[in-house]
Amino acid sequence: MGRTLPTVNQVLEQNREQWARFYRALRREDRELLDQLFDGAKYFTAACVYQANVTPTESIFLAMLLHLQKQIQELQTKQEVSNGTPGGMDSRSLPNAHSDGGLDSRPGRKPPLLLR
């Protein structure tokens with residue numbers, strides 16, 4: 001009979017166990033963040049299974065990054081709604097390369113050539 005491969009959830013828990021010493025060295029609030037990273041990776045187990053040609057740990061780390069990116073995007077969207085500006089960005093133009101670095105608040109001012 002062939003060898004049974006562990007599921008992604010099993011590999012995820014194995015990785016969590018492998019990082020146990022690192023985990024114990026963290027402050028309590030940082031441990032909670034690391035737990036959230038591992039828990040967030042569980043949302044993407046199907047993608048991890050589908051990408052079988054890389055090491056499982058790489059898939060887990062990418063799933064963690066993807067989960068973080070989704071959280072960032074959600075926060076940016078909430079900020080856009082509350083600020084009423086796209087991307088939550090300041091509507092003034094970027095600083096002039098030859099100025100003191102402050103934002104240029106003059107309307108209709110074009111950014112320097114390097115920033116176009």
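Give me the number: length gained by fully extending residue 4 to residue 20, i.e. 0.36 nm times residue separation minus the C-alpha to C-alpha distance, one decimal in nm.
Separation in residues times 0.36 nm, less the Cα-Cα distance, equals 3.2 nm.
For region 10-25, list residues with backbone N below 20 Å from a point placed 7 Å from the Cα of residue 31 toward its Cβ?
13-25
Within 14 Å, Cβ to Cβ, of residue 57, how many net charges do the neighbouring residues add up to if Lys/Arg are +1 and Asp/Glu are -1?
Local net charge: -2.
Considering only the other residues whose Cβ falls under 15 Å of the Cβ of residue 12, what net charge follows from Lys and Arg at +1 and Asp and Glu at -1?
Result for the neighbourhood of residue 12: -3.
Spelling out what I want: for every residue of region 36-51, take phi, set θ = phi - 60°, compute 6.51 cos²θ - 1.76 cosθ + 1.60 (Karplus), and round to whole Hz; glycine and proline get x.
Result, ordered by residue: 5, 5, 5, 5, x, 5, 5, 5, 10, 5, 4, 5, 5, 5, 5, 9 Hz.
Region 14-48: which trypsin sites (Lys or Arg not before Pro) are DSSP loop and have at most 16 other beta-carbon atoms within 10 angstrom?
Within region 14-48, the qualifying trypsin sites (Lys or Arg not before Pro) (loop, at most 16 other Cβ atoms within 10 Å) are 27.
Determine the gain in length on full extension of the stretch residue 78-residue 50; use 0.36 nm per residue of separation and subtract their C-alpha separation, reporting nm with one decimal.
Roughly 6.9 nm would be gained on extension.
Readers should treat all values here as calculations from the given coordinates under stated rules, not as data from a laboratory. Nothing here was measured: the structure is a model prediction, and the numbers come from that model. Neighbour counts are summed over all protein chains in view; Cβ atoms, including those assigned to glycine, are modelled from backbone coordinates with ideal geometry.
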